[in-house]
Amino acid sequence: MYNENAWKKYDEKELKDLFKFNDEYIEFISNNKTEREVTKASVEILKKNGYKNLDDVTSLKAGDKIYAVNRGKNVAAFIIGKEDIEKGINVLGAHIDSPRIDLKQNPLYESSDFAYFDTHYYGGIVKYQWVARPLAIHGVVCKKDGSIVDVVIGEDDNDPVVMISDLLPHLAQDKNVKPGTKVIEGEDLDLTIGHMPLKDEEKDAVKANVLKLLKDKYGIEENDFVSSELEIVPQGKARSLGLDSSMVLGYGHDDRVCAYTSLRAVLDTESVNRTSCAVLVDKEEIGSVGATGAQSKWFSNVISEIINKMKNNYNDLMLQHTLTNSYMLSSDVSAAFDPLYPSVFEKKNAAYLGHGLTFNKYTGARGKSGCNDASPEFIAKIRNIMDNANVSYQTAELGRVDQGGGGTIAYILSNLNMNVIDAGIPVISMHAPCETVSKVDVYEAYKGYIEFIKNIA
């Protein structure tokens with residue numbers, strides 16, 4: 001079903017399955033707002049479903065189910081197929097980092113009887129959207145003795161929240177004439193965290209009280225912030241949106257909506273002809289760099305280890321054969337057409353909520369700069385699979401040609417000589433603290449991912 005409204009094909013029983021799946025997704029993103037939390041939760045799900053850690057197995061055969069973890073921020077889940085792995089693997093690849101605000105390494109200070117955390121934003125946030133709203137702190141503090149302290153402040157009903165203040169409109173004459181990118185400056189995104197002074201403390205008494213609270217609850221000293229990773233995210237749970245509950249409003253759809261559906265597609269597939277996997281990576285929002293980004297050699301190293309545990313005479317040529325013959329969906333979201341802002345879209349080539357899984361032949365910017373540009377031969381195979389399975393799908397570009405653009409991990413994996421195309425779920429208000437997806441698109445993507453790993457060859 002190419003470029004048709006997917007809701008129309010569902011009967012009452014199928015709708016129940018669709019809404020149940022989305023309820024499970026809502027719970028997942030509500031509880032897992034950072035890449036570390038997604039990785040930890042994914043491993044727990046994999047273990048419950050019989051997956052074994054790759055490090056704990058010495059040999060592999062068809063039907064085995066394994067997972068691998070990298071630095072607590074990447075996870076890959078594999079089903080070993082019946083065919084020779086050198087004929088290629090089928091990959092669903094998504095990223096699990098989202099735009100947010102991070103604490104600086106020396107964050108805590110006091111000013112005019114307020115305690116603040118100094119911050120540095122991560123990824124392409126719209127800064128003015130993050131002020132005057134409840135925020136939560138998630139992350140870890142790594143102490144010198146090697147212990148790691150998990151921190152979550154603001155999510156429990158009994159927790160306080162934190163926030164970034166905004167200027168009242170009565171005094172905002174100068175601010176209101178600034179362009180949107182300058183209304184809130186990056187250095188003004190400081191987090192209000194306290195106002196009560198510590199009794200009998202003469203200097204920086206509010207800061208001292210905050211430190212006492214952190215010491216009492218978490219055992220954290222001020223210098224421990226140097227080796228911390230504390231992320232500021234929107235507080236609260238994802239919710240059904242619309243009087244018909246047809247959509248999901250929540251933080252981090254980009255790209256955890258594709259990460260969850262990709263992981264579930266592998267989990268809910270019992271056996272495959274070709275070895276198949278879901279790989280969830282970090283750092284996409286800042287260029288896929290570093291040891292946990294898609295540009296890391298970790299994923300290809302994992303494949304090498306799998307080949308080695310399947311064959312006794314491993315060599316690098318086997319890895320190259322495997323990668324060259326592989327197919328991948330870069331499971332990443334696409335910009336959905338927003339009727340309130342039609343001028344930035346080209347309607348014939350836009351993604352629409354409710355029309356299913358979205359394929360982007362290319363992303364990039366303007367003259368396709370930085371894109372993957374998938375081959376038409378590969379796209380034809382995918383069309384055949386989706387049509388045979390009655391999966392609703394559409395194709396799209398990321399807005400008008402000269403309007404802007406963006407990138408995904410697609411070009412990085414295609415540099416390994418894999419066949420890759422972007423395939424994800426359309427999102428309204430992408431990169432906002434609360435983004436919107438359609439429940440039918442979430443479910444159609446899940447079904448499409450299953451058909452891809454089972455049938456592409």
field: Every residue from region 420-457 that is crowded, with 24+ Cβ neighbours inside 10 Å and of a type in the set (S, T, N, Q)
entry: S438
statement: Looking across region 1-55 at residues that are basic (K, R), part of a helix (DSSP H, G or I) and in contact (Cβ under 8 Å) with a residue 40 or more places away in the chain, the single one that is nearest to I425 (Cα to Cα) is K9
message: Among the residues that make up region 281-299, is at least one of them in contact with a helix residue (DSSP H, G or I) (Cβ under 9 Å, 6 or more places away or on another chain), at pLDDT 95 or above and at positive phi?
response: yes
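Being assigned to a loop (DSSP other than H, G, I, E, B) and over 19 Å from the mean Cα position of the chain (by Cα) is the filter here, so list the residues in region 218-243 that pass it. Full working, then the answer.
Our first condition is that a residue be assigned to a loop (DSSP other than H, G, I, E, B); within region 218-243, this holds for 219-221, 235-238, 242-243.
G219, I220, E221, G242, L243 - these are the residues of region 218-243 that are assigned to a loop (DSSP other than H, G, I, E, B) and over 19 Å from the mean Cα position of the chain (by Cα).
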- prompt: Does G252 count as surrounded by fewer than 24 Cβ atoms within 10 Å (Cβ to Cβ) and on the phi > 0 side of the Ramachandran plot?
  reply: no
field: Any pair with Cβ under 6 angstrom, 6 or more apart, that starts in region 374-400 at a residue that is within 20 Å of N349 (Cβ to Cβ) and ends at one that is aromatic (F, W, Y) and part of a loop (DSSP other than H, G, I, E, B)
entry: G399/F345
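Looking only at region 116-161, count every residue that is among the polar types (S, T, N, Q), buried (at least 19 other Cβ atoms within 10 Å of the Cβ) and farther than 20 Å from D97 by Cα and tell me the total.
To start, the set of residues in region 116-161 that are among the polar types (S, T, N, Q) comprises 119, 129, 147, 158.
Cutting the leftovers down to buried (at least 19 other Cβ atoms within 10 Å of the Cβ) gives us 119.
Still in the running and farther than 20 Å from D97 by Cα: none.
Of the residues in region 116-161, 0 are among the polar types (S, T, N, Q), buried (at least 19 other Cβ atoms within 10 Å of the Cβ) and farther than 20 Å from D97 by Cα.
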field: Scope region 27-73; condition over 19 Å from V149 (Cβ atoms), among the acidic types (D, E) and buried (at least 18 other Cβ atoms within 10 Å of the Cβ); matching residues
entry: D64
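Return the only residue of K283, K297 being buried (at least 20 other Cβ atoms within 10 Å of the Cβ) and more than 24 Å from S438 (Cα to Cα). I'd like the intermediate steps shown before the answer.
On the way: K297 fails: buried (at least 20 other Cβ atoms within 10 Å of the Cβ).
Result of the check over K283, K297: K283.
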query: Does V266 satisfy the condition of being touching a Leu at 6+ places or on another chain (Cβ under 8 Å), assigned to a helix (DSSP H, G or I) and within 22 Å of I80 (Cβ to Cβ)?
result: yes
query: What are the residues in region 161-206 that are farther than 20 Å from A115 by Cβ, outside any loop (DSSP other than H, G, I, E, B) and either touching a Gly at 6+ places or on another chain (Cβ under 7 Å) or among the basic types (K, R) (or both), if any?
result: K175, K182
statement: Taking region 405-422 and keeping only residues that are touching a helix residue (DSSP H, G or I) at 6+ places or on another chain (Cβ under 7 Å) and either hydrophobic (A, V, I, L, M, F, W, C) or over 24 Å from V91 (Cα atoms) (or both), one is left with I409, L416, M418, V420, I421
- request: Considering each residue of region 394-406, count those that are surrounded by fewer than 23 Cβ atoms within 10 Å (Cβ to Cβ) and in contact with a Leu (Cβ under 9 Å, 6 or more places away or on another chain), and give that number.
  value: 3
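Could you list all residues from region 6-44 that are of a type outside the set (S, T, N, Q) and over 21 Å from G448 (Cα atoms)?
E27, K33, E35, R36, E37, V38, K40, A41, V43, E44
Based on what the data block shows, is I306 assigned to a helix (DSSP H, G or I) and surrounded by 18 or more Cβ atoms within 10 Å (Cβ to Cβ)?
Working: assigned to a helix (DSSP H, G or I): yes; surrounded by 18 or more Cβ atoms within 10 Å (Cβ to Cβ): yes.
Yes: the conditions hold for I306.
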- prompt: If I125 passes every condition in (1) part of a strand (DSSP E or B); (2) of a type outside the set (S, T, Y); (3) in contact with a His (Cβ under 9 Å, 6 or more places away or on another chain); (4) closer than 20 Å to V257 by Cα but one, which one does it miss?
  reply: (1)
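Looking only at region 336-375, filter to residues that are of a type in the set (S, T, N, Q) and assigned to a loop (DSSP other than H, G, I, E, B); which one of those is surrounded by the fewest Cβ atoms within 10 Å (Cβ to Cβ)? Before you say what the answer is, go through the steps one by one.
Let us first name the residues in region 336-375 that are of a type in the set (S, T, N, Q), namely 343, 349, 358, 360, 363, 369, 372, 375.
Subset that is assigned to a loop (DSSP other than H, G, I, E, B): 363, 372, 375.
On the way: T363: 25, N372: 27, S375: 14.
Ranking the candidates gives S375 first.
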- line: Scanning region 74-104 residue by residue, those charged (D, E, K, R) and surrounded by fewer than 23 Cβ atoms within 10 Å (Cβ to Cβ) turn out to be K82, E83, D84, E86, K87, D102, K104
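The values are calculated or read from the model by the stated rules, or taken from the named source; none is laboratory data. Note that the structure is a prediction, hence the values are computed from the model and not measured. A quick note on method: Cβ atoms are made from the backbone with ideal geometry, for glycine too, and the neighbour counts reach across all protein chains shown.
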